[in-house]
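A short worksheet on the structure shown next.
The values are calculated or read from the model by the stated rules, or taken from the named source; none is laboratory data. Quantities reported herein were computed from a predicted structural model and do not represent experimental measurements. Cβ placement follows ideal geometry from the backbone for every residue including glycine, while neighbour counts extend to all protein chains displayed. In case anyone asks, the SASA skips ligands and DNA or RNA and just uses the protein heavy atoms, side chains included. Shrake-Rupley method; radii C 1.70, N 1.55, O 1.52, S 1.80 Å.
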Amino acid sequence: MNFGAMNATSAPSSASRNSCISSSPSPSASPSRSSKFPLLLPQAICTSQRMCCFSSLSKCNNNNPSGWSKQQLNKCSMLPFEAVVTSKSRLVPTSPIIGDERIGVLLLNLGGPETLEDVQPFLFNLFADPDIIRLPRLFRFLQKPLAQFISVVRAPKSKEGYASIGGGSPLRQITDAQAEELRKSLCEKDVPAKVYVGMRYWHPFTEEAIEQIKRDGITKLVVLPLYPQFSISTSGSSLRLLESIFREDEYLVNMQHTVIPSWYQREGYVKSMANLIEKELQKFDSPEKVVIFFSAHGVPLAYVEEAGDPYKAEMEECVDLIIEELEKRKITSPYTLAYQSRVGPVEWLKPYTDDTIIELGKKGVKSLLAVPISFVSEHIETLEEIDVEYKELALKSGIEKWGRVPALGCEPMFISDLADAVIESLPYVGAMAVSNLEARQSLVPLGSVEELLATYDSKRRELPPPVTVWEWGWTRSAETWNGRAAMLAVVVLLVLEVTTGQGFLHQWGILPLQR
């Protein structure tokens, strides 16, 4: 497995690029290198052009160091236009071949409801994931009932948010376009491959992608989560699901594969982010006075302090790398980092985005540029949470000028760099599948995040030591104690509601009355 940092190369030619639809930008910012980090929004939502990357076969013939046969090149040129998984089965494998190998790339992402009717079942899938809501072992049997309860309660408000951005999430459309552009970029670099999309909580589900990979006869697979930074709740959840699928399928056990768990440190990604920030800064009258506000999706504090999640360390290093790149361009605007989208009573990573915006307003900040640092696609948390909620909060807090950096989408340098990451990992495909026994043990060393980090980044920043833990797994943090006590109370109330058929949830009509 190749977990090392990889160098970027030049962007693909204009002939291979997808067109993008311009959409409105959005805000964020905060000062000094010591106060760290914020979030971005949409400016380029890509639409896919279903073109074959070998529309010009002469290019492939002129750059054919592998000595592929004309028959093999023709197979690549006749690839289907889709670069994404579908639920339709295929009778004959259509994957490109290098020698006797069929190369596949599996993009992992969160997924999102495409219609308002999808919102409640999407939320159920989300909260039914034990990596999202971590119940004590004694209460694991309540995972799905609790997920049902939360999804029903949250669905009306969530539907309002999705209605405000057009009635559904654009995440699948954008991810499909990214998959198509990645396929074309790989083909341009003489690595014909099929690119699949597997979503964790909505269609196309990871299971659907895996079935398509099997139908296409893929023999070498590179797994690429579309999360720049690794977290237990994002990449970790998707990889744990993959691991369980792999262990139960003989075909997958024998298929060679490798995983790129995070890629925030890659030059192409860092420069692409810096390019977008620099472009948005120029829209302000005094760019040097604008606070660059990196807003990242939050995770519960316990994930970092107790479970060893590297997300916070990787996020801070990611922001440092982008700021260093901006400083090379003589951009020295103040900046800060905060975390958004917290849910529930437990303590999440701080500072919180909304609190930070209010604080910046009190300090007299007048111009803010929001940068969604943990997202590579536009979705509800950029288009509604940042563009609407946080913008309104900023204006009420005294911030007069607000801007937002778009998510990366199909930025050519970004896509080209992802292609390079895939190519650089290919020599390591199969490193975890030398034998059936080893393949069945683990897709990646998920049992220990520390071990995973040491594998792909020997020069990583050390994580802070875990806090002292009591016998029951609770920390000495009062807020964490109170939060978990509140969660336990909710679980008890839910048990009473379900077992007795009576209670305020039934009286309010949230749960049906028993007759």
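Descriptive notes on the structure:
- Residue that is among the small types (Gly, Ala, Ser) and within 25 Å of residue 298 (Cβ to Cβ), where the choices are 198, 217: 198
- Any hit, the range 173-180, residues being open to solvent by 10 Å² or more (accessible area, probe 1.4 Å) and not in a loop (DSSP other than H, G, I, E, B): yes
- Total residues in the range 132-169, condition surrounded by 18 or more Cβ atoms within 10 Å (Cβ to Cβ) and not in a helix (DSSP H, G or I): 6
- Single residue of the range 155-180 satisfying the filter (among the hydroxyl-bearing types (Ser, Thr, Tyr) and under 18 Å from the mean Cα position of the chain (by Cα)) that is nearest to residue 417 (Cα to Cα): 175
So that you can scan it fast, the table gives a plain yes or no per residue for (1) β-branched (Val, Ile, Thr); (2) part of a helix (DSSP H, G or I):
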{"position": "386", "(1), (2)": "yes, yes"}
{"position": "392", "(1), (2)": "no, yes"}
{"position": "402", "(1), (2)": "no, no"}
{"position": "406", "(1), (2)": "no, no"}
{"position": "413", "(1), (2)": "no, yes"}
{"position": "417", "(1), (2)": "no, yes"}
{"position": "423", "(1), (2)": "yes, yes"}
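- In the range 213-261, residue farthest from residue 307 (Cα to Cα) [restricted to those that are open to solvent by 10 Å² or more (accessible area, probe 1.4 Å) and of a type in the set (Asp, Glu)]: 250
- Scanning the range 369-384 for residues being among the charged types (D, E, K, R) and assigned to a helix (DSSP H, G or I) gives a total of 2.
- Subset tally (residues that are in a loop (DSSP other than H, G, I, E, B) and of a type in the set (D, E, K, R)) for the range 181-207: 3
- For the residues 344, 361, the requirement of being of a type in the set (Gly, Ala, Ser), open to solvent by 20 Å² or more (accessible area, probe 1.4 Å) and more than 19 Å from the chain's Cα centre (by Cα) singles out 344.
For (1) open to solvent by 10 Å² or more (accessible area, probe 1.4 Å); (2) outside any loop (DSSP other than H, G, I, E, B); (3) farther than 14 Å from residue 405 by Cβ; (4) touching a Pro at 6+ places or on another chain (Cβ under 8 Å), each residue gets a yes or a no:
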residue	(1), (2), (3), (4)
265	yes, no, yes, no
268	no, yes, yes, no
275	yes, yes, no, no
284	yes, no, no, no
295	no, yes, no, yes
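- Matching residues in the range 181-201 - criterion: being within 15 Å of the chain's Cα centre (by Cα) and open to solvent by 20 Å² or more (accessible area, probe 1.4 Å): 200
- Among the residues making up the range 310-349, those that are among the hydroxyl-bearing types (Ser, Thr, Tyr), more than 22 Å from residue 384 (Cβ to Cβ) and touching an Asp or Glu at 6+ places or on another chain (Cβ under 8 Å) are 332, 333.
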